[in-house]
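I have placed the structure first, in the form of structure tokens, so that the comments after it can refer back to it.
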Amino acid sequence: MFENIEGTGFEMLDPRFAACFVGHARVERLWSGGRWLEGPAWFGPGRYLIWSDIPNNRMMRWDETDGSVSVFRQPCNNSNGNTVDNHGRLVTCEHLARRVTRTEFDGAITIVADRFEGRRFNSPNDVVVASDGAIWFTDPPYGIMHDYEGDYGEEEIGGCHVYRVDAATGAVTRVADDFVKPNGLAFSPDEKLLYVTDTGATHLERGPRHIRKLRVGDEGRLSGGDVFAECASGFFDGFRIDTKGRVWTSAGDGVHCFDPDGTLIGKIRIPETVANVTFGGTRRNRLFICATTSLYAVYLTANGSKLG
């Protein structure tokens, strides 16, 4: 059963936002009972959503066919970001084990990456898969800063970076090293641009709280890196991009929608701090929203550029 939520809805800041939703659409709360939710990923053939409840060390599953919610995996190494690869397999960032893994069709777990130049990662946070099968992920230290979302530990790499795992060879490359705390990431529809959030302000006075835009070249080489958008409410965390190139990102007061030119055109108000979003449903026109303790969803006229 879905629940109407008082105080939620669409806030239009620019006329362009009107094309993104229908007037009678409403935000629905699908489930509540977590501690800090992240990493929603949609699995089309099964019509279900997987997400992480990091402090509770479990992954949850919502079934579209009957609205049921169950535990997908517990313990789960304090998993954070999740996505779907080009074969429909689950790819997961694990704080506790400080690695990125893939869940095979038979349930076996394969380690995608757990070290760079012999040293353990900090705590892989968010992950996306490119059309060539390469796996890209961010590695801030949130999972080793305390025992709430992982285990307290020391940084071995000596920085917080963005990495790429080659699909053919499995080689891990550091593709960006000028972020304070890289967090969410997503490609533009044509994959010529990579957007990455920097949440350095969580632990650094006057640190960054923005999304940067980088140009993707051959073999994953990145260039540029100008600030695309600054967050005026809390922090940008996870985000996804629709087929028109609009960026739908988490924020302190809900979901913010940015036009490709960087204009904030509207918001979806949510009564909890939002951490991650993803597009799902049979037409990728339903936005699933992980917000602190609850899972929300809303139908849009926008469609996600890809699953995961």
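Here are some notes:
- Shape of region 55-171, Cα gyration tensor, a/c cut at 1.5: oblate
- Among the listed pairs Lys181/Lys306; Lys181/Lys267; Lys213/Lys306, those with a Cα-Cα distance over 23 Å are Lys181/Lys306; Lys181/Lys267.
- Probe 1.4 Å, all protein chains present, accessible-area order of His24, His146, His203, largest first: His24, His203, His146
- Residue with peak Gaussian network fluctuation, the chain [Cα springs, cutoff 10 Å], from Glu149, Glu11, Glu230: Glu11
- Additional length obtainable on full extension of the chain from Arg61 to Glu11, 0.36 nm per residue less Cα span: 15.0 nm
- Heavy atoms of Met12 accessible to a 1.4 Å probe, total area in Å² rounded to 10: 110 Å²
- Shape call, region 206-283: gyration tensor on alpha carbons, a/c limit 1.5: oblate
- A Förster radius of 41 Å combined with the Cβ-Cβ distance from Arg115 to Ala232 puts the calculated FRET efficiency at roughly 0.60.
- Surface exposure of the chain, expressed per residue as accessible area with a 1.4 Å probe, stands at 41 Å².
- Across the options Gly33, Ser52, Ala134, the greatest Cα extent toward the positive end of the charge dipole of region 1-155 (unit charges at beta carbon of Lys, Arg, Asp, Glu) belongs to Ala134.
- Residue of Ile54, Ile211, Ile268 that the Gaussian network model of the chain assigns the largest fluctuation, springs spanning Cα pairs under 10 Å: Ile268
- Charge dipole (the chain, unit charges on Cβ, about Cα centre) - positive-most of Ser233, Ala302, Gly262: Ala302
- Excluding exposed DSSP-loop trypsin sites (Lys or Arg not before Pro) (at most 16 other C-beta within 10 Å), longest clean stretch of the chain: 90-191
- Heavy-atom accessible surface of the chain: percent carbon and sulfur, 1.4 Å: 46 percent
- Cα-based shape type of the chain, given that a ≥ b ≥ c are square roots of the gyration tensor eigenvalues and the cut on a/c is 1.5: rounded
- Convex hull of region 154-273 built on C-alpha atoms - directionally averaged projected area, nm²: 8.7 nm²
- Cβ-Cβ FRET estimate between Ser68 and Thr293, R0 fixed at 25 Å, reported to 0.05: 0.85
The values are calculated or read from the model by the stated rules, or taken from the named source; none is laboratory data. As the structure is a prediction and not an experimental result, all values here were calculated from the model. Backbone-built Cβ (ideal geometry, glycine too); neighbour counts: all protein chains shown. These accessible areas exclude ligands, DNA and RNA; they are computed on the full protein's heavy atoms, side chains included. Shrake-Rupley method; radii C 1.70, N 1.55, O 1.52, S 1.80 Å.
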